[in-house]
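**Q** The structure is given below, and queries will be raised subsequently.
Taken together, the values in this text are just the output of simple stated rules run on the coordinates, not laboratory data. Values in this document were obtained by computation on a predicted structure and should not be read as measured data. Quick reminder, even Gly has a Cβ in these numbers, built from the backbone with ideal geometry, and neighbours come from all protein chains shown.
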Amino acid sequence: MKLELNPLSAGMPERFTIERMTAADINDVRRIEMIAFPTQWPSDAFYNELHNNRSAHYFTGRLGEKIVAYGGIWVVMEDSHITTVAVDPDFRGRKFGELLLARMIEEAIERGAAWMTLEVRESNVLAQKLYRKYGFTTVATRKAYYSDNSENALVMWAGDLRGELYRNRLRGIRLQLGQ
């Protein structure tokens, strides 16, 4: 399924689309990962996620043909976990990360998830604000979680994803995003 979106960016010449990640996308995804994160996944991790993990669901965000964002989730029964989300720094501030997050939440719901969790750097206040917009709350802190600088991670959860209140929240956000 290919999702075409027109985020609130006047004069954008190309459409932003979200598609399922394929093995052909891995080099572009790794390029973004290398500039977006201080530490990267092992070189074969995305391939293994796509081909060997039945719980994994990964997406790319494209502006025209260029991959500018990616993200992934695991869905195991009623639980889902955001494993990674990144936007190329040259394309941040255009709602691409938010559109990708919304798509991953919808995927989790479609696959039967009632809960979603993630870890986020304690210093990443912008991401925390976005996650709170989508109903995530901080439930714990993982001390020295990140290996590059021993920064703490906040563990955030969103619940009752299949409930009417959460569906109304998503519907309202989608309207704000112009979808």
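**Q** May I ask for the net charge around F46, where only other residues with Cβ less than 11 Å from the Cβ of F46 are counted and Lys, Arg are +1 while Asp, Glu are -1? Kindly include the intermediate steps, with their values, before the conclusion.
**A** Details: positive: R30; negative: D25, D28, E33, D44, E49.
Residues near F46 contribute -4 overall.
**Q** Further, regarding this structure: From the residues Y70, A45, G93, which one has its Cα farthest along the dipole of the chain in the positive direction, the dipole being from +1 and -1 charges on Cβ of Lys/Arg and Asp/Glu about the Cα centre?
**A** It is G93, whose Cα lies furthest towards the positive end.
**Q** Determine which aspartates and glutamates satisfy two conditions relative to K95: a Cα distance under 19 Å, and not lying fewer than 8 residues away in the same chain.
**A** Within the straight-line limit of under 19 Å, K95 reaches these aspartates and glutamates: E4, E14, E19, E33, E65, E106, E107.
**Q** Rounded, prolate or oblate for segment 82-138? Axes are the square roots of the Cα gyration tensor eigenvalues, ordered a ≥ b ≥ c, and the cut-off for rounded is a/c under 1.5.
**A** Verdict is oblate for segment 82-138.
**Q** Next up: State the extension gain, in nm to one decimal, for the chain segment bounded by N52 and Y145, taking 0.36 nm per residue of separation less the distance between their alpha-carbons.
**A** 30.9 nm
**Q** What order do you get for V139, V68 when you list them from fewest to most C-beta neighbours inside 10 Å?
**A** V139, V68
**Q** Here's something else I'd like to know. Nearest 5 percent is fine: what portion of the DSSP beta bridges confined to segment 3-176 is antiparallel?
**A** Numbers: 36 of 39 bridges.
Antiparallel: roughly 90 percent of the beta bridges in segment 3-176.
**Q** About its Cα centre, how strong a charge dipole does segment 89-161 have in debye, to the nearest 20, once Lys and Arg get +1 and Asp and Glu get -1 at the Cβ?
**A** My answer is approximately 220 debye.
**Q** Sticking with this structure for a sec: Report, in debye and to the nearest 20, how large the dipole of segment 27-179 comes out about its Cα centre when Lys and Arg carry +1 and Asp and Glu carry -1 on their Cβ.
**A** 520 debye
**Q** For every other residue with a beta carbon closer than 12 angstrom to the beta carbon of G135, add +1 if it is Lys or Arg and -1 if Asp or Glu, then tell me the sum.
**A** So the surrounding residues net to +3.
**Q** Is it possible to state the helix-based mean residue ellipticity at 222 nm for the chain, with each DSSP H run of 4+ residues giving -39500 (n - 2.57), the sum divided by total residues, to the nearest 500 deg cm²/dmol? What is it?
**A** -9500 deg cm²/dmol
**Q** A follow-up question, please. Could you work out how far apart the two model spin labels at Q40 and A24 are, taking each label as a point 7 Å from the Cα in the direction of the beta carbon, and quote it in nm?
**A** Reported label-point gap for Q40 and A24 is 2.2 nm.
**Q** Could you tell me, in Å, what Rg and Dmax come out for the Cα atoms of segment 3-176?
**A** Rg and Dmax of segment 3-176, Cα atoms, are 15.6, 44 Å.
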